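Engineer: Dropping a structure here in structure tokens format, bear with me for questions.
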Amino acid sequence: MKKLLSILMVFALLLPVTAAFGQDDMMEQPLVGFWEQCPTPENLPETVNVGAIFGLSEAVAVYGTAQQNAVQLAVDEINASHYLGESTTLVVMFEDSAGNRDQAIAAMTKLVEEDGVVAVLGPTLSSEAFAADPVAQENSTVVMGVSNTANGITEMGDYVFRDSLPEGAVIPGTIAQAAEILGLAKVGLFYGNDDDFTVSGYEVFKAALEENSIEILGEETFAKGDVDFNAQLTNLIAAEPDALVVSALAAEATQIILQARALGYEGPIIGGNGFNSPAVLRDSGADSEGLIVGGAWNYGNPNPSESSVQFVEMYEAAYEMSPDQFAAQAYTGAWLMATAIRCADSTDRTDVRDALAGIADFDSPLGVFSFDEDRNPVHDPIAQIVVEGKFQPLALVMGE
Ligand code: 1QQ
């Protein structure tokens, strides 16, 4: 009798989920989430609004479009599976910041002060986050970066979170592995000196190179929007480096790869997070072969979490293309935000902040995920190398 009862109860629990997806469109309950750790909320309103500020136009759209796709996918799953309760719908209000600091401030102000959102995802760039996040902090509203990797982001305040591994957590391991595999002794360093992320990436690269006793033969800089890098590359290449180490966003990263190769440079290029978009590989074609980049997530990870496998399937089915690291981080960010709202069982912004800060051992496409005490992510990075036009795990390619 007891057994029958428990079977019936399991059926009763499953019913709303299967009903939501309909007969033809049955899917399993998403593997992401705190389904058991945190009970189904009972006090949420019919609609819960969160904001998302991404670069959806201009050069930064190569990152922002993937982020928007991934957040929408997560929200659709969250609603279809009634993660926030039977009658609560999560709605995301997207704003385009176009990679521009002033636009990011305007978007944040609108979402937080006029639209009254519970919390905000984004903005895409660290430079936008440094401009706009103080607006969220002043309004005691959570903002969670899903691609901000510069040092110091969460130091803006206790409402500022990120699920994107900072360059400081990725680059040292990548440099150490690259140094071992390539036997690096001397490199040339090239970076954008007018962007918070590219400058921070440069500082982290420099410290990691020094840590590994790799000599820096020369340093060169550029500015956002530059299109001709020949003068700086000529100087760097003339010093005969074992590798070029570059901190740049996608548009400049692509041109730097193409122009370095056109100048006859055949050695390795090691890039920071800005290189992580498939668009960089597409636009630089065969010239990107051998590019080494550290990341937070890789499509070809030989040991993906189950939820990563499910995420890839869902994303490919929805968008007819493969997700990249930025999509994986944005998808995870949306689930983390929904989980904070679910566990808070409230739309009070401070309750949501406290619930988010308490998330640990969250099963996500990024792996088992926790926030540290400074609201930065804790999970393993992955060093990658471009082979046949795709980011592959470096360890796998090297047969380790
Ligand atoms: C930052 C980054 C960029 C590459 C995000 C797209 O890491 O601005 O922090």
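Engineer: Any idea which residue in the range 134-179 is nearest to Ala248 (Cα to Cα), counting only those that are more than 12 Å from the ligand (Cβ to nearest atom) and in a loop (DSSP other than H, G, I, E, B)?
Structural biologist: The extreme case among them is Asp163.
Engineer: Of the residues Asn43, Asn79, only one is assigned to a loop (DSSP other than H, G, I, E, B) and either among the hydroxyl-bearing types (Ser, Thr, Tyr) or farther than 30 Å from Leu281 by Cβ (or both); which?
Structural biologist: On the way: Asn79 fails: assigned to a loop (DSSP other than H, G, I, E, B).
Only one candidate qualifies: Asn43.
Engineer: Counting only residues that are within 12 Å of the ligand (Cβ to nearest atom) and not small (Gly, Ala, Ser), which one in the range 121-132 is surrounded by the fewest Cβ atoms within 10 Å (Cβ to Cβ)?
Structural biologist: Phe130
So that you can scan it fast, the table gives a plain yes or no per residue for (1) part of a helix (DSSP H, G or I); (2) touching a Cys at 6+ places or on another chain (Cβ under 8 Å); (3) in contact (Cβ under 8 Å) with a residue 40 or more places away in the chain; (4) not assigned by TED's automatic domain parsing to the domain that holds Val160:
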site	(1), (2), (3), (4)
Met314	yes, no, yes, no
Arg342	yes, yes, yes, no
Val352	yes, no, yes, no
Gln384	no, no, yes, yes
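Engineer: Shifting gears a bit: Can you give me the number of residues within the range 207-225 that are away from the ligand (no atom under 16 Å from the Cβ) and in a strand (DSSP E or B)?
Structural biologist: Matching residues across the range 207-225 total 7.
Engineer: With respect to Asp228, is the statement that it is of a type outside the set (A, V, I, L, M), in a loop (DSSP other than H, G, I, E, B) and under 26 Å from His379 (Cβ atoms) true?
Structural biologist: On the way: of a type outside the set (A, V, I, L, M): yes; in a loop (DSSP other than H, G, I, E, B): yes; under 26 Å from His379 (Cβ atoms): no.
So Asp228 does not fit the description; no.
Engineer: A further question follows. What number of residues in the range 183-203 are within 11 Å of the ligand (Cβ to nearest atom) and either of a type outside the set (Phe, Trp, Tyr) or not assigned by TED's automatic domain parsing to the domain that holds Glu240 (or both)?
Structural biologist: Within the range 183-203, residues that are within 11 Å of the ligand (Cβ to nearest atom) and either of a type outside the set (Phe, Trp, Tyr) or not assigned by TED's automatic domain parsing to the domain that holds Glu240 (or both) number 7.
Engineer: Please verify whether the range 135-146 includes one or more residues that are of a type in the set (Ser, Thr, Tyr) and over 20 Å from the mean Cα position of the chain (by Cα). Reasoning before the result, please.
Structural biologist: Going through the range 135-146, the residues of a type in the set (Ser, Thr, Tyr) turn out to be 140-141.
Checking the rest, the ones that are also over 20 Å from the mean Cα position of the chain (by Cα) come to 140-141.
Yes, the conditions are met somewhere in the range 135-146.
Engineer: While we're looking at this one, here's another question. Given (1) farther than 21 Å from Ala169 by Cβ; (2) not in a helix (DSSP H, G or I), where does Ile270 come up short, assuming only one miss?
Structural biologist: (1)
Engineer: How many residues does the range 361-382 contain that are free of Cβ contacts under 8 Å to residues at least 24 places away in the same chain and outside any strand (DSSP E or B)?
Structural biologist: First, the residues of the range 361-382 that are free of Cβ contacts under 8 Å to residues at least 24 places away in the same chain: 361, 370, 372-373, 378, 380.
Checking the rest, the ones that are also outside any strand (DSSP E or B) come to 361, 372-373, 380.
Matching residues across the range 361-382 total 4.
Engineer: Checking Glu58 against (1) at negative phi; (2) modelled with pLDDT of 95 or more, which single condition isn't satisfied?
Structural biologist: (1)
Engineer: Right, here's the next one. Report yes if some residue within the range 192-206 is in contact with a Phe, Trp or Tyr (Cβ under 6 Å, 6 or more places away or on another chain) and either surrounded by fewer than 23 Cβ atoms within 10 Å (Cβ to Cβ) or in a strand (DSSP E or B) (or both); otherwise report no.
Structural biologist: Step one: of the range 192-206, the residues in contact with a Phe, Trp or Tyr (Cβ under 6 Å, 6 or more places away or on another chain) are 192, 196, 198, 202.
Adding the requirement that they be either surrounded by fewer than 23 Cβ atoms within 10 Å (Cβ to Cβ) or in a strand (DSSP E or B) (or both) leaves 192, 196.
Within the range 192-206, one or more residues are in contact with a Phe, Trp or Tyr (Cβ under 6 Å, 6 or more places away or on another chain) and either surrounded by fewer than 23 Cβ atoms within 10 Å (Cβ to Cβ) or in a strand (DSSP E or B) (or both).
Engineer: Residues of the range 286-306 being surrounded by fewer than 22 Cβ atoms within 10 Å (Cβ to Cβ) and part of a helix (DSSP H, G or I), which ones?
Structural biologist: So the first thing to find is which residues in the range 286-306 are surrounded by fewer than 22 Cβ atoms within 10 Å (Cβ to Cβ), and the list is 286-287, 289-290, 299-306.
Ala286, Asp287, Glu306, listed by residue number.
Engineer: Here's a follow-up. Restricting attention to the range 152-164, does a residue exist that is over 22 Å from the mean Cα position of the chain (by Cα) and surrounded by 22 or more Cβ atoms within 10 Å (Cβ to Cβ)? Full working, then the answer.
Structural biologist: Within the range 152-164, the subset over 22 Å from the mean Cα position of the chain (by Cα) is none.
So far as the range 152-164 goes, no, none of its residues is over 22 Å from the mean Cα position of the chain (by Cα) and surrounded by 22 or more Cβ atoms within 10 Å (Cβ to Cβ).
The values are calculated or read from the model by the stated rules, or taken from the named source; none is laboratory data. Just so you know, these numbers come straight off a predicted model, no measurement behind them. In this analysis, Cβ positions are derived from the backbone assuming ideal geometry, glycine residues included, and neighbour counts consider all displayed protein chains.
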